[in-house]
Amino acid sequence: MAGRWLLQHRHADRRSRAQFVVTTSVPPSGGSARFTIIRWRGRHGGAWLLARRQRQKWILMPRFTGGLVTVYSENISRAMEFYGKILGLDETYRFPREGGPEHVEYRLGEMTVAVSSPAGLASHGMPPPSPGHPFEIGMKTDNVDQLIDELRSQGVTIVREPFSSAAGNRTAYFADPDGTWISVYHKLPK
């Protein structure tokens, strides 16, 4: 934020008992604000909101409320076997509900992992997925070595055997049937 001023002011709404702290980034030469962050706290919690000013009115930008990681698979039945049966993730959503699925979601703690077929991607007007390893899925577990032994016994490709990382984790990598890398880790005792 070098070369910018941060202006901050507070506001309280008596009816809702909400409190607002507004922080605005302004260029030193004056001009218009680049962005504004509003910290809101009310009776039922709080949130950070991004806002912009338009014609003397504050426009609140949409905020993120969740997310998911989507893996594209040429063989969704094989991917469902892997994520649902071998890894034991709970299926939470399937589209379409009847017939062959194009998209399936699994719950992993607070994270959602989705598997989608090329047909599912095409239904959104997107081009086919490209091969490679542009990302990985990371999953926390309670025992990396034991998990890797179990996955190996089920024929899963182990990309990197368990090792102790400099970050203080026990870590290993394996691949799903389409070659997507999945890291598993647990914290090492101090």
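None of the figures in this text is laboratory data; all of them are computed from the coordinates on show. Everything numeric in this text was worked out from a predicted model, so none of it was measured. Counting neighbours? That spans all protein chains shown, and the Cβs are built from the backbone with ideal geometry, glycine included.
Think of segment 104-190 as having a plus end and a minus end, set by charges on the Cβ of Lys, Arg, Asp and Glu; of Ser123, Asn143, Pro189, Pro189 sits farthest toward the positive end of this dipole.
What order do you get for 111-119, 72-80 when each peptide is scored by the mean count of other beta carbon atoms within 10 Å, highest first?
Highest-to-lowest ranking by the protection proxy: 111-119, 72-80.
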